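Right, one structure below, let's go through it.
The values are calculated or read from the model by the stated rules, or taken from the named source; none is laboratory data. The shown structure was predicted, so the numbers you read here are calculated from the model rather than taken from an experiment. A quick note on method: Cβ atoms are made from the backbone with ideal geometry, for glycine too, and the neighbour counts reach across all protein chains shown. Just the protein is used for accessible areas: all its heavy atoms, side chains included, with ligands, DNA and RNA removed. Shrake-Rupley method; radii C 1.70, N 1.55, O 1.52, S 1.80 Å.
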Amino acid sequence: HFPAGLVHINDRGAHRGEAWGFSVWAYNAYQLHHSDQKFMGGKVNQPLTKMGTKQHQQLHRDLRKHLEKYKDANGNTMGPSRINSGKKIRNNFSRSERLQALADFYTENQGKYPKASADFFKLHPNL
């Protein structure tokens, strides 16, 4: 807990403080995005895209919806969820299939997420 009136802000998420008897939530101004998603087999140590928190959250919602369209012969999707972990996705789809799905997403959303799209294609210029 923080002293009354103090809200702690850093680049790792939201922190709650109490101010004048009201709960106060503060969200960081930006987050760092892995354009080649870790759960899809992307490296942990890759250049990260700096983007606003709300935009980053929306990108992940859009990406999850996009990945639901990709299914294997057994009906498994690439969409991450509590019951469809990154490990399952990596086992069910080849790296080239996963990369193509990400390339399709960033191509379709270049206007909405230009920096993340550019950073993905810098990592994978042959896609």
#### Entry: Residue satisfying condition, being surrounded by 13 or more Cβ atoms within 10 Å (Cβ to Cβ), in contact with a strand residue (DSSP E or B) (Cβ under 9 Å, 6 or more places away or on another chain) and free of Cβ contacts under 8 Å to residues at least 60 places away in the same chain, within set Leu59, Leu32, Leu63
Leu59
### Query
Taking Asn45 and the conditions (1) open to solvent by less than 40 Å² (accessible area, probe 1.4 Å); (2) modelled with pLDDT under 95; (3) not in a strand (DSSP E or B), which numbered condition does it fall short on, given that it satisfies the others?
(1)
## Note on the structure
The number of residues in region 68-102 that are in a loop (DSSP other than H, G, I, E, B), surrounded by 18 or more Cβ atoms within 10 Å (Cβ to Cβ) and out of contact with any Leu (no Cβ under 9 Å at 6 or more places or on another chain) is 2
#### Entry: Residues of region 108-127 classified as open to solvent by less than 50 Å² (accessible area, probe 1.4 Å) and part of a loop (DSSP other than H, G, I, E, B), total
3
### Task
Scan Phe105, Phe39 and give me the residue that is crowded, with 16+ Cβ neighbours inside 10 Å, modelled with pLDDT under 95 and assigned to a helix (DSSP H, G or I).
Phe39
